[in-house]
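Bear in mind these aren't lab numbers, they're just calculated from the coordinates by the rules spelled out. These numbers were taken from a predicted model, which means no experiment stands behind them. Here the Cβ positions follow ideal geometry from the backbone for every residue, glycine too, while neighbour counts run over all protein chains shown.
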Amino acid sequence: MNHKNRSIIPPFDNVLWRRFWYYIPIILTFAGLIWLLLYPNWIAPNSSINKSDLALAAGTDPVVAAAGDIACDPGNSNFNSGNGTSSACRQKFTSDLLVNTDFAGILVLGDNQYECGGYQAFLQSYNLSWGRVKSITHPVVGNHEYLMSDGTDCASANAAGYFTYFGAAAGDPSKGYYSFNIGAWHLVALNSNCNAAGGCSATSPQGKWLEADLAAHTNFCTLAYWHIPLFSSGSRASINSKAFWQILYKHNADLIVSAHDHIYERFAPQTPAGILDSINGIREFIVGSGGANHTTIASVAANSEINNTDTYGVLKLTLHPSSYDWQFIPEAGKTFTDSGTGACH
Ligand SMILES: [Fe+2]
């Protein structure tokens, strides 16, 4: 059959006409986009969302800052009216990273006030520095706050100075653990002073509370924090929080932040047994760089990715709906930093 002489009714055999049909989908797409730009509410007439709201939402995922091992006892020879020395009692300078900023919350990781967390010590030291952001602070208690000697106003038992200073923000004084949400994230503050909290095992009141809390909060992203780490390259790791890890791992938690060793350290995501697990593992940070003093590395632990023992500063965490960014912010004049991004699971 000869197709060369096929008859097509004019003007549809015209080359320009065929090109017109070819470009019609592109023309309609552009017209639609222009329509939506001119009349954004047309697509959802009852919605209060507009373009500026969407732009704002995209750029305002909440950011929190965390550190522990913070404020020297006002009787410390390095206290120097709160100004410290070049290498110790730097709580004023780490807190300078927090004031007049847009942090959605401040996580203080325990040993917030040395030497024993006395109420008068909190007023004379912590309150002048990190106290400037007390209104957005979500604390956990350290081991030093339970001490009853060797510092200012140490006579009170049961970390009374800490619980008096922070009030309701610290939770029930007989427990010291609680949870809350920031943005899309669920945050859990735990008490690693197990004796004071009634235990840390899965069958303890705290363990049972943690299990129930995580079952009730199915946020895609979860961060837990307490003072004494399970994993550390310093010499102060303890297995007392292993049940916390096991419960959190079972519930797909994403981040654990601790202190106690006065170092900064970041671990790769791992299991409660310390096995690298890039799929379901929990990433642990140690941020004992709050200002009091530094301690050293004993031996580098498995899955440790970076550590620093000479820079005070805070860990900044940006809490996206399904991921997080971390950045270590050093005190002014210092250069060590660490940053990256992880996905929730
Ligand atoms: Fe500690």
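The figures follow:
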item: Built amide H within the under 5 Å cut-off of HIS227, gap 5+; result: SER192
item: Fewest-first sequence of CYS221, CYS194 by Cβ atoms within 10 Å of each Cβ; result: CYS194, CYS221
item: Amide H contacts of THR137 (H built 1.01 Å from N, under 5 Å, at least 5 apart or other chain); result: ILE106
item: Karplus-derived HN-Hα couplings along region 225-232 (A = 6.51, B = -1.76, C = 1.60, θ = phi - 60°), whole Hz, x at Gly and Pro; result: 8, 7, 7, 8, x, 7, 10, 6
item: Alpha-carbon centroids, region 258-313 and region 73-133: separation in whole Å; result: 22 Å
item: Two-site label geometry, LYS250 and ALA212: point separation in nm, points 7 Å out along Cα→Cβ; result: 1.5 nm
item: Pairwise label distance in nanometres, SER174 with ASP150, each label 7 Å out on the Cα-Cβ vector; result: 3.0 nm
item: Theoretical FRET efficiency, 1/(1+(r/R0)^6), r = Cβ-Cβ of SER81 and ALA332, R0 25 Å, to 0.05; result: 0.85
item: Computed FRET value (nearest 0.05) for ALA184 with VAL300, which takes r as the C-beta separation and R₀ as 56 Å; result: 0.95
item: ³J(HN,Hα) computed for each position of region 242-249 - Karplus, 6.51 cos²θ - 1.76 cosθ + 1.60, integer Hz, glycine/proline x; result: 5, 5, 4, 4, 5, 5, 5, 5
item: Amide H contacts of ASN293 (H built 1.01 Å from N, under 5 Å, at least 5 apart or other chain); result: CYS89
item: For region 61-343, the fraction of alpha-carbon pairs in successive 10 Å shells from zero, as %; result: 7, 33, 39, 19, 2
item: Computed E for ASP96/THR164 - FRET, C-beta separation, R0 30 angstrom, nearest 0.05; result: 0.70
item: In Hz, Karplus ³J(HN,Hα) per residue of region 186-192 (6.51, -1.76, 1.60; θ = phi - 60°; x = Gly, Pro); result: 9, 10, 10, 9, 10, 10, 8
item: Dipole of region 107-174 [Lys/Arg +1, Asp/Glu -1 at C-beta], most positive-end residue of SER174, VAL140, GLY118; result: VAL140
item: For region 61-343, size of Cβ-based charge dipole, Lys and Arg +1, Asp and Glu -1, in debye; result: 200 debye
